[in-house]
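Student: Quick one: the structure is below, questions incoming.
The values are calculated or read from the model by the stated rules, or taken from the named source; none is laboratory data. Every value quoted in this text rests on a predicted model; they were computed, and no experiment measured them. Glycine also receives a Cβ, built like all others from the backbone with ideal geometry; neighbour counts cover every protein chain displayed. Heavy atoms of the whole protein, side chains included, go into the accessibility calculation; ligands, DNA and RNA do not. Shrake-Rupley method; radii C 1.70, N 1.55, O 1.52, S 1.80 Å.
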Amino acid sequence: MDDELLTRCLHDLTDGAPVPATATDEDVRRGRTRLRRRRTAVVAGAAGAVATTLVCVALVGSGQGGPDGRSGRGDVAVDPSPAPTPAPTPIATPQGRTCLPTTERMRPDPAISRVVRGYREILAERLDPQGAHLDRWQVTRSVQSSTSQSGCPEGSGWTAALGTKVGWRVAGESGQGVVRVFVVAPGRWPDSSIVASYETWQDRPVSLPGVVSAEVAEHDGGTAVVVHRSDGFTVEIDANTLFGNNSVTPVSGLDVTVEQLLAAAADPRFTLP
Amino acid sequence: MRDDEFAAYVEQRRPQLFRAAWLLCADPHRAEDVVQAALTRLYVAWPRVRRADSVDAYVRRAVVNAHLDEGRRPWRRETAAGERLPDVPVPAATSALEERDALWTALRALPPGQRRVVVLRHWWGLSVEETAADLGISPGTVKSQTSAALAALRTALSDEPTDELTREVP
């Protein structure tokens, strides 16, 4: 195979291939959202920089930093040849957390894969006991994890949140819906994409074992719930008629009730590795 | 103004970007994610890129970078091939189809770096220097990766069995 033949073969592969029908409006909307967030971040960053500068000026002006009245900057001992930081290895913290090197966490982790498989099993058991809808074995799966460095050596972290998406099919329809679940560790802020996706959150009184409080958001594509459990975990579940990553066609509906979603989120088996 | 110009550009170029991303990712779903990410970046940078008259070059780099980022993202797809394949009869393949399957398989087997070089050089038609600039590597590396990729493709395609059909999970 030479250069020219490869070029021809590659174009043969792709040039007649169907392209997903995606509304240009959606690309514009995503761009606007990113631009808005970026501008917000720039404003916040500038405000933070101003605040930091003011604090520094105040400290220097008041002569703080050293007992002799000199600024702290000149007193800092700089090691001219710092020893290289050793690569962190997994360690257990007194809080029962396991710190792993941050770079390692981006690789497939057997413990995380096992827990995520468990999530799917719980969702299937709670929301699709007949096995008619959830793509438990198919490719429409993903893993989202969030790490925290709190209490861990530099360059390592512990799993502070973990979630997954599972596709939802309806017989006779070509579209694809999704069930998303996100489990947040005690004491962590439940700021996942599920919570951020909707603005219609309403408190929902519930009397489920082990549940302190719950919130529900009804949205165009379905329903999302957040459950705050007495063991400190927060569990978020979203049932959406469109699996935006994988399909441009929604399913007609997800045959699950708000009560089913709340009961699923209250399941004490939703924990973290 | 930005929205109108951007929308017109996307309307015209999206198919090309998707096909390039598809070759890079070897997966249509991930390709769509990559295109979305690249176009979002393009929208943010639009006034600057438009003024510099370098929209195509910018978005091409954005696609490649988004492909790089895609591999690092926390959300990542897990393919379940081997756990359970759909029980669907596979139609008899023609010779042309077999050749396409063989090329896809060979492309998927290339390391990501070599695949990027192949797509930029042989699909997008960039020179060695342009490819090197896009990827941030030296022209010598582009040449060596091109050579390695061609050798691997040549070997894979010559070894491809013709009496056995395989089916990929989409």
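Student: So A:VAL248 fits all but one of (1) under 20 Å from the mean Cα position of the chain (by Cα); (2) of a type outside the set (Asp, Glu); (3) within 14 Å of chain B (Cβ to nearest Cβ); what number is the exception?
Tutor: (1)
Student: Within segment A:157-170, is there a residue that is at pLDDT 85 or above, farther than 20 Å from A:THR234 by Cβ and open to solvent by 10 Å² or more (accessible area, probe 1.4 Å)?
Tutor: Taking every residue of segment A:157-170 in turn, at least one turns out to be at pLDDT 85 or above, farther than 20 Å from A:THR234 by Cβ and open to solvent by 10 Å² or more (accessible area, probe 1.4 Å).
Student: Could you grab me the full set of residues in segment A:172-227 that are among the aliphatic types (A, V, I, L, M), modelled with pLDDT of 90 or more and over 17 Å from A:ASP238 (Cα atoms)?
Tutor: A:VAL206, A:LEU208, A:VAL211, A:VAL212
Student: I need every pair where a residue in segment B:1-12 that is farther than 16 Å from B:ARG60 by Cβ and without any contact (Cβ under 8 Å) to a residue 24 or more places away in the chain has its Cβ under 7 Å from the Cβ of a residue that is among the hydrophobic types (A, V, I, L, M, F, W, C) and open to solvent by less than 60 Å² (accessible area, probe 1.4 Å), sequence separation at least 6 or different chains.
Tutor: Pairs found: B:ASP3/A:VAL28; B:ALA7/A:VAL28.
Student: In segment A:216-273, which residue that is open to solvent by 30 Å² or more (accessible area, probe 1.4 Å) and of a type in the set (D, E, K, R) is nearest to A:VAL116 (Cα to Cα)?
Tutor: Among them, the one singled out is A:ARG269.
Student: Before we move on, is B:ASP4 closer than 19 Å to A:ARG34 by Cβ, modelled with pLDDT under 85 and more than 9 Å from chain A (Cβ to nearest Cβ)?
Tutor: The answer is no for B:ASP4.
Student: When only residues in segment B:34-56 that are of a type in the set (S, T, N, Q) and either within 13 Å of chain A (Cβ to nearest Cβ) or touching a residue at least 12 places away in the same chain (Cβ under 8 Å) (or both) count, which is most open to solvent (accessible area, probe 1.4 Å)?
Tutor: That would be B:GLN36.
Student: Then there is this: Please give the number of the condition B:LEU23 fails out of (1) open to solvent by 30 Å² or more (accessible area, probe 1.4 Å); (2) touching a residue at least 24 places away in the same chain (Cβ under 8 Å).
Tutor: (1)
Student: Taking segment B:101-126 on its own, how many of its residues are of a type in the set (Gly, Ala, Ser), away from chain A (no Cβ under 12 Å) and open to solvent by less than 50 Å² (accessible area, probe 1.4 Å)?
Tutor: Total satisfying the criteria: 1.
Student: For segment A:160-175, give me each residue that is over 18 Å from A:ILE194 (Cα atoms) and not basic (Lys, Arg).
Tutor: Once the filter is applied, which keeps residues that are over 18 Å from A:ILE194 (Cα atoms) and not basic (Lys, Arg), segment A:160-175 yields A:VAL170, A:ALA171, A:GLY172, A:GLU173, A:SER174, A:GLY175.
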